[in-house]
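Q: Structure provided below as C-alpha cells; questions to follow.
The values are calculated or read from the model by the stated rules, or taken from the named source; none is laboratory data. Here the structure is a predicted model, which is why all the values come from computation and not from measurement. Every residue, glycine among them, receives a Cβ derived from its backbone with ideal geometry; neighbour counts consider all protein chains shown.
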Amino acid sequence: MAMAKRTEVLLLAVLILTAVFSRTDVAESIGVDCYDACSTGCVQPNARLMARCDRKCQIKCEPDLSVAEGNVG
C-alpha cells in the first residue's frame with residue numbers, strides 16, 4: 001500500500017514538473033516570425049517592388065514604440 005502511494009506522489013510530481021518546464025515564451029519570437037512570413041511573400045521580379053514590399057514588412061512587424069513607452073494617444 002505504501003509503495004502505491006509513493007508511486008502516485010512521484011508520478012504527480014513528474015507531471016507537475018513537466019507542465020512547468022514545458023511552457024515556452026512565444027512573445028519573443030513573434031516579431032521574427034511576422035517579418036519572415038511577410039517578407040517571404042515579397043518575391044518580385046522587379047527589385048524596386050521587392051524593396052518596397054520589404055520595407056512595408058519592416059513597418060508592419062516592428063514593435064509599436066509609442067505603446068511600449070506609454071505614450072498612448
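Q: Say whether the condition of being out of contact with any strand residue (DSSP E or B) (no Cβ under 6 Å at 6 or more places or on another chain), in a helix (DSSP H, G or I), surrounded by 11 or more Cβ atoms within 10 Å (Cβ to Cβ) and modelled with pLDDT under 80 is met by at least one residue in the stretch 32-40.
A: Yes - at least one qualifying residue is present in the stretch 32-40.
Q: Here is a check on your reading of the model: is SER22 at pLDDT below 80 and surrounded by 10 or more Cβ atoms within 10 Å (Cβ to Cβ)?
A: no
Q: Listed residues GLU8, GLU62; which is at pLDDT 85 or above and of a type in the set (Asp, Glu)? Show your work before the answer.
A: Numbers: GLU62 fails: at pLDDT 85 or above.
Being at pLDDT 85 or above and of a type in the set (Asp, Glu) holds for just one of GLU8, GLU62, which is GLU8.
Q: Could you please give the count of residues in the stretch 41-51 that are under 27 Å from the mean Cα position of the chain (by Cα) and at pLDDT 90 or above?
A: Qualifying residue count for the region: 2.
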